[in-house]
1. Which count do you get for residues in the stretch 9-37 that are assigned to a loop (DSSP other than H, G, I, E, B) and more than 15 Å from residue 59 (Cα to Cα)?
2. Output the residues belonging to the stretch 35-50 that are closer than 15 Å to residue 69 by Cα and at pLDDT below 95.
3. Any idea how many residues of the stretch 38-69 are within 17 Å of residue 6 (Cα to Cα) and part of a strand (DSSP E or B)?
4. Would you mind telling me which numbered condition in (1) in contact (Cβ under 8 Å) with a residue 24 or more places away in the chain; (2) within 19 Å of residue 1 (Cα to Cα) residue 35 fails?
Amino acid sequence: MITTLAAMKTNQTGILRRVEGERGYRRRLMELGFVPGTDVRMVRTVKVGDILEVEVRHSRVSLRISEARSIEVEARA
């Protein structure tokens, strides 16, 4: 099931499929490990400040929910 990173539930895993947005933004995310084909896991969502924490390549990265909407993921059940 293709969805966005922002729509994933806590502890759900998936495979990153595509990152949309401006070129510099996409490049920065790729530097952090957000490369198509990479496994990602939603760690938690923090309602205060609209931030979520994801695990990618054994590192934890915090993103704004609005930014996570531009990252396409093939979610696993």
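1. Of all residues in the stretch 9-37, those assigned to a loop (DSSP other than H, G, I, E, B) come to 9-12, 20-22, 32-37.
Filter again for more than 15 Å from residue 59 (Cα to Cα), leaving 9-10, 12, 20-22, 36-37.
Final tally of qualifying residues: 8.
2. 45, 50
3. First, the residues of the stretch 38-69 that are within 17 Å of residue 6 (Cα to Cα): 38-56, 60-69.
Within this subset, residues satisfying the condition of being part of a strand (DSSP E or B) are 39-46, 51-56, 60-64.
Matching residues across the stretch 38-69 total 19.
4. Here residue 35 meets the rest and fails (1).
The values are calculated or read from the model by the stated rules, or taken from the named source; none is laboratory data. The structure displayed is predicted, hence computed values, not measured ones. With ideal geometry, Cβ positions are generated from the backbone for all residues, glycine too; neighbour counts draw on all protein chains shown.
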